[in-house]
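Novice: Quick one: this structure, given as structure tokens, is what I'll be asking you about.
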Amino acid sequence: MKEYEGKEYNTLYDAVDRVKKTGLRASDPYDEELKGGRSQLQDPERGSYYLDPDSDLSEEGQSQEEEDPVLTPNTDFLALADFNCRFQEATESIHSFTTGSTSYQQKGQVNMDLINLYQDFLYSARVYGKIIISEAYLPDKQKTVKPTAIGGVAGGQKYVVHSILFKFALDNYNLFGGDDDAAIKVAGHELKGLLNYYNCMIPGICVPLCCLVDYKGFRLVAMSVAPINKKSIVYGSNNSGATLFPGNAFLNGKLEKASSILNLKKHVIKGTTLYGPVDMEAHLGFDGRLYLLDFSRVFPPESPRKELKGSHLYNLLRPEFCQHYRVPLCSD
């Protein structure tokens, strides 16, 4: 047990409560206490894993019936999606920088805001991610953060907590013949694809804040919750290509520019022109921004191998190879 800022902490869940109430960051000295996994989470008197009932993550506060936790137009998403709002505002400030008219002080302030945001997000993702992984083999009813039915198969089981969406990289649906290592690779491609789109620095295209949480041999993808739902999709497919949304001239122009930077070939499926993988989605958020999601198949696969089930989903070409290849390459 350790006393910090006048208060004693003896479980990992105290850190959770502290993140929400104080917003302290990953560089905090108390971070050294987040090491013990399940042994830290057990209450000797109750003999089971628990959470302080005063916390809004307690079992009583969980909705068992909510099918889609993603936000609706009537939801106060500005309060819920704090990480997303801060990230998009900082990114828009960077896009607004112009040579000669933006002072070093302004640039420095925006960069400090981004650094502080990254620290807040990484700290929260690490704390909650460790809880999710430590409780992976508990029945859902006993889990502190319960799985959420949010749709999609390839991303694995999903959780939403503290305005962060977690996707557990496990082969729960036998896409890779039970190979969880393949699912972990797909999660790595998700972050890689997102970073490459973000680094295109195209104004008007938004991506979530994202990181990977690796702990005890498991991997989670953690990303900020965007103000979207299943009905806000305007481009791509959310059902493996059965239904395609064509986008619009503004969005398609932005995506074509990004595909040119990444050296990806545009192609036509069912009469719809696509500038990346068919399952990459664009949503018109309730804040008026355009959000891209699902980046795990941005870069083309190697020649599939019959002995490796689903290898076209995880044996992908490197971004540097694609960008320097003599002709554009197709994601699909």
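Novice: From TYR235, TYR197, grab the single residue that is assigned to a strand (DSSP E or B), in contact (Cβ under 8 Å) with a residue 40 or more places away in the chain, out of contact with any Lys or Arg (no Cβ under 8 Å at 6 or more places or on another chain) and within 17 Å of VAL298 (Cα to Cα).
Specialist: Of the residues listed, the single one that is assigned to a strand (DSSP E or B), in contact (Cβ under 8 Å) with a residue 40 or more places away in the chain, out of contact with any Lys or Arg (no Cβ under 8 Å at 6 or more places or on another chain) and within 17 Å of VAL298 (Cα to Cα) is TYR235.
Novice: Please find, among VAL213, VAL186, the residue that is under 22 Å from CYS322 (Cβ atoms), open to solvent by less than 30 Å² (accessible area, probe 1.4 Å), touching a helix residue (DSSP H, G or I) at 6+ places or on another chain (Cβ under 8 Å) and among the β-branched types (Val, Ile, Thr).
Specialist: Answer to the selection: VAL186.
Novice: I'm told LEU175 meets every condition in (1) open to solvent by 40 Å² or more (accessible area, probe 1.4 Å); (2) touching a strand residue (DSSP E or B) at 6+ places or on another chain (Cβ under 7 Å) except one. Can you identify the failing condition by its number?
Specialist: Among (1) open to solvent by 40 Å² or more (accessible area, probe 1.4 Å); (2) touching a strand residue (DSSP E or B) at 6+ places or on another chain (Cβ under 7 Å), LEU175 violates only (2).
Novice: Looking at the stretch 305-321, which of its residues are within 29 Å of ASN174 (Cα to Cα) and surrounded by 13 or more Cβ atoms within 10 Å (Cβ to Cβ)? Quick ask: steps written out before the conclusion?
Specialist: Pass one, the stretch 305-321, residues within 29 Å of ASN174 (Cα to Cα): 305-319.
Matches in the stretch 305-321: LEU308, LYS309, GLY310, SER311, HIS312, LEU313, TYR314, ASN315, LEU316, LEU317, PRO319.
Novice: Same structure again: Which is assigned to a strand (DSSP E or B) and open to solvent by less than 60 Å² (accessible area, probe 1.4 Å), of LEU191, LEU114, LEU165, LEU170?
Specialist: Checking each option against the conditions leaves just LEU165.
Novice: Here's another thing I want to ask about it. In the stretch 290-318, which residues are touching a residue at least 24 places away in the same chain (Cβ under 8 Å) and among the basic types (Lys, Arg)?
Specialist: Within the stretch 290-318, ARG297, LYS309 qualify.
Novice: Report, by residue number, each residue of the stretch 77-104 that is closer than 23 Å to SER124 by Cα, at pLDDT 75 or above and among the aromatic types (Phe, Trp, Tyr).
Specialist: Within the stretch 77-104, PHE83, PHE87 meet the criteria.
Novice: Out of the stretch 153-162, which residues are open to solvent by 20 Å² or more (accessible area, probe 1.4 Å) and among the small types (Gly, Ala, Ser)?
Specialist: ALA154, GLY155
Novice: Right, here's the next one. So which residues in the stretch 303-325 are outside any helix (DSSP H, G or I) and of a type outside the set (Ser, Thr, Tyr)?
Specialist: Answer for the stretch 303-325, where residues must be outside any helix (DSSP H, G or I) and of a type outside the set (Ser, Thr, Tyr): PRO304, ARG305, LYS306, GLU307, LEU308, LYS309, GLY310, ASN315, LEU316, LEU317, ARG318, HIS324.
Novice: Continuing with the same structure: Return the residues of the stretch 117-138 that are part of a helix (DSSP H, G or I) and either touching a Cys at 6+ places or on another chain (Cβ under 8 Å) or open to solvent by 60 Å² or more (accessible area, probe 1.4 Å) (or both); say none if nothing qualifies.
Specialist: Listed by number, the residues that qualify are TYR118, PHE121, LEU122, ALA125, ARG126.
Novice: Considering the stretch 196-209 alone, what residues qualify as being touching a strand residue (DSSP E or B) at 6+ places or on another chain (Cβ under 8 Å) and open to solvent by 20 Å² or more (accessible area, probe 1.4 Å)?
Specialist: GLY204, ILE205
Novice: Restricting to the stretch 215-232, count the residues that are assigned to a helix (DSSP H, G or I) and of a type in the set (Ser, Thr, Tyr). Write out each step before concluding.
Specialist: So the first thing to find is which residues in the stretch 215-232 are assigned to a helix (DSSP H, G or I), and the list is 230-232.
Still in the running and of a type in the set (Ser, Thr, Tyr): 232.
Selection size over the stretch 215-232: 1.
Novice: Now, a different point. Taking the condition out of contact with any Phe, Trp or Tyr (no Cβ under 7 Å at 6 or more places or on another chain), in contact (Cβ under 8 Å) with a residue 24 or more places away in the chain, at positive phi and small (Gly, Ala, Ser), does GLY177 pass?
Specialist: Against the criterion (out of contact with any Phe, Trp or Tyr (no Cβ under 7 Å at 6 or more places or on another chain), in contact (Cβ under 8 Å) with a residue 24 or more places away in the chain, at positive phi and small (Gly, Ala, Ser)), GLY177 qualifies.
The values are calculated or read from the model by the stated rules, or taken from the named source; none is laboratory data. Note that the coordinates shown come from a computational prediction; the quantities given were computed from them, not determined experimentally. With ideal geometry, Cβ positions are generated from the backbone for all residues, glycine too; neighbour counts draw on all protein chains shown. Each accessible area value is taken on the protein alone, full model and side chains, heavy atoms only, with ligands, DNA and RNA left out. Shrake-Rupley method; radii C 1.70, N 1.55, O 1.52, S 1.80 Å.
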